[in-house]
1. If the label point is 7 Å along Cα→Cβ of B:Thr44, which residues in the stretch B:78-119 have backbone nitrogen under 19 Å from it?
2. When a footprinting reagent is the concern and you count Cβ atoms within 10 Å, what order do A:Phe130, A:Phe58 take, fewest first?
3. Please report, to one decimal in angstroms, the Kirkwood hydrodynamic radius of chain A built from all distinct Cα-Cα pairs.
4. Compute the separation of the alpha-carbon centres of the stretch A:133-205 and the stretch B:188-234 and state it in Å as a whole number.
5. Note the full-extension length gain between B:Gln59 and B:Gln202 as 0.36 nm times their separation in residues minus their Cα-Cα distance, in nm to one decimal.
6. For the residues B:Arg125, B:Arg67, A:Arg95, what sequence is obtained by ranking on other C-beta atoms within 10 Å, fewest first?
7. Which length gain, in nm to one decimal place, applies between A:Leu212 and A:Leu259 when the Cα-Cα distance is subtracted from 0.36 nm times their residue separation?
8. Semi-axes, largest first, in whole Å: what does sqrt of 5 times each Cα gyration tensor eigenvalue give for the protein assembly as shown?
Amino acid sequence: MIVTATAPARRRASSPATVWDRVKRTRAAVFGLVVVAAVIGGALLAPWIAPYDPARQFTDGLSPEGRPLPPSGRFWLGTDLLGRDLLTRLIYGARVSLLIGVLANAAALTIGTLFGAAAGYFRGWVSTVFMRLTDMMMAFPALILAIALAAILRPSLWIVAMVIAMVNWVWIARIIYSQVLSTSQREFIEAARALGVPTWRIFWKHLFPHLLPILLVWGTLGVSTTVMFEASLSFLGVGVRPPTPSWGGTINESQSYFLEAPWLVAFPGAAILLTSLAFNLVGDTLRDAIDPQLRSR
Amino acid sequence: MGVYAIRRLAQSVVILLGVTVITFALLYALPADPARMIAGRSATADTVARIRSELGLDQPLPVQYARYLARLVRGNLGRSYAQKIEVTDLLRSRLAATFWLMLGGIAFELLIGLPVGMLAALRRRSAMDQSVMVGAFLGVSAPQFVVGLFLLYWLAYRWGLFPLGGYGSPAHLILPAFALGIAGGGWYARVMRSAMLDVIHQDYVRTARAKGLGETRVILKHAMRNALLPVVSMVGLDIGTFMGGVVVVESVFSWPGIGQLAWQAIQIVDIPVIMGVVVVSALAITTGNLLADLAYPLLDPKIRYG
């Protein structure tokens with residue numbers, strides 16, 4: 001039997017160029033990137049590319065019996081229950097979804113990184129308290145808690161984003177914790193500590209750059225979770241308030257008309273599915289590219 | 001193992017206590033006044049005050065919590081504000097429905113995830129592998145309520161194969177269970193695939209082949225058993241999460257489980273019911289985690305807890 005000596009596997013993050021190369025070569029990721037770009041573009045340029053005003057109720061937007069109209073040349077994706085153009089509503093809805101996605105995610109990443117890094121670096125009782133706290137957060141029925149908070153606090157875009165962040169930061173914190181736990185034992189950190197570099201500087205200059213790739217990956221995957229979560233809250237009627245257009249909200253309003261106007265569920269549903277899928281595909285490829293050890297082959 | 005189990009059990013109790021403290025504080029600190037909700041809009045200030053003192057809501061929060069906890073350890077979750085029924089009775093009738101939905105959801109997760117993940121691993125890098133993996137992501141990314149509504153539209157409304165929501169017979173269970181299981185099925189497929197790829201190149205699998213076992217036997221008997229390990233812990237987690245109430249699916253299919261109960265209680269700020277559901281959910285989730293951890297060494301003799 002031949003024994004090949006291999007160097008101990010080093011967890012080395014790939015360079016941005018190799019990462020980009022890998023993303024480019026993965027068809028699913030390219031598809032994901034295109035969709036992500038389209039959704040972001042749509043959200044930013046909504047006033048210019050949307051065919052109509054999102055709040056405008058067309059007098060010819062409902063059938064004579066007062067039903068919403070199916071897709072046509074005038075209203076490409078049909079109209080909603082109030083005779084508003086569905087395509088326009090969906091384009092503006094991308095703003096809500098993405099804004100909440102980014103806000104909630106940024107908050108979750110920040111809180112998660114702070115807690116996780118502190119626990120992983122200081123160890124001892126700090127890490128014990130951290131582990132028990134995260135255990136507890138993970139035992140919460142997340143959606144029920146989020147619904148209760150959102151319902152009682154009168155949902156606004158900010159509240160919804162913060163409620164989602166409160167539920168999601170735990171996972172990030174756990175990941176950052178284990179990463180910092182291993183990184184902070186490496187020689188360069190010990191060297192910095194021995195040289196008397198202040199702790200905040202060790203964090204910022206020496207530890208943080210090692211966390212960036214992970215943050216990038218989980219930040220991307222997190223948008224997908226958040227978009228879904230926001231849609232669920234809106235679907236249950238505790239998301240952002242109407243008349244603000246949101247994908248989940250449109251489905252919630254149209255639910256009882258579903259059998260007569262299935263497009264009112266299909267199109268916003270497709271928007272949620274595509275956005276969530278796209279961020280998942282990009283995030284997954286990034287993870288494979290950045291951390292070869294975690295590669296799912 | 002015994003010591004480990006006891007320590008984990010003790011931890012779970014502490015976690016549950018923490019959950020009740022936080023939920024209690026959150027619910028009672030929020031700007032909703034249950035006494036006024038019960039009294040109704042036209043009630044006088046006197047009536048509201050009387051109800052408040054009857055419910056003990058005029059006491060300081062720590063006193064209220066201590067009373068709650070004292071009742072909780074005796075298995076008393078209080079009375080619903082709205083329905084004037086014991087919360088435990090409300091929960092009991094709902095838990096059965098949630099239990100069946102949990103079972104059905106996990107069955108679909110396994111039915112979808114295991115074969116799909118195995119096939120993808122065995123035909124690695126083939127066109128099928130790739131489409132299966134994109135399919136798995138589609139399942140993960142599909143919002144449950146959209147899947148649910150479309151299942152209802154086509155299979156129940158158009159083709160009349162299943163009842164249009166509700167609860168009672170096995171036929172009622174299939175659609176909600178599928179809507180619930182589809183996302184997990186996607187995850188299971190991905191996990192199963194990579195676990196299988198890990199296992200299949202191990203020495204003992206090569207040994208099994210070398211001693212002349214048929215391929216089916218090698219895969220099913222030797223490889224799969226080990227590849228299933230990560231899936232077991234996922235099932236443990238899912239038992240907990242699903243028993244904790246699946247609000248969205250229950251709402252789409254009008255399934256009378258504890259998710260629906262929570263949702264109805266939230267809308268009328270029926271705090272004892274909300275608290276009750278959270279306590280039961282947290283108990284289910286913690287137990288699920290515990291089960292997953294304790295099942296591990298039984299399946300994998302390499303793992304021993306001190």
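1. No residue qualifies, since no backbone N sits under 19 Å from the label point.
2. In increasing order of surrounding Cβ atoms, one gets A:Phe58, A:Phe130.
3. 21.4 Å
4. Centre-to-centre distance over Cα atoms comes out at 36 Å.
5. Additional length available on full extension: 45.1 nm.
6. Details: B:Arg125 9, B:Arg67 13, A:Arg95 19.
In increasing order of surrounding Cβ atoms, one gets B:Arg125, B:Arg67, A:Arg95.
7. Details: separation 47, 0.36 × 47 = 16.92 nm, distance 4.72 nm.
That pair, A:Leu212 and A:Leu259, stretches by 12.2 nm at full extension.
8. 39, 33, 27
Quick note: the coordinates plus some simple rules give every number you see, no bench work behind them. Nothing here was measured: the structure is a model prediction, and the numbers come from that model. All Cβ positions, even for glycine, are placed from backbone atoms using ideal geometry, and neighbour counts span all protein chains on display.
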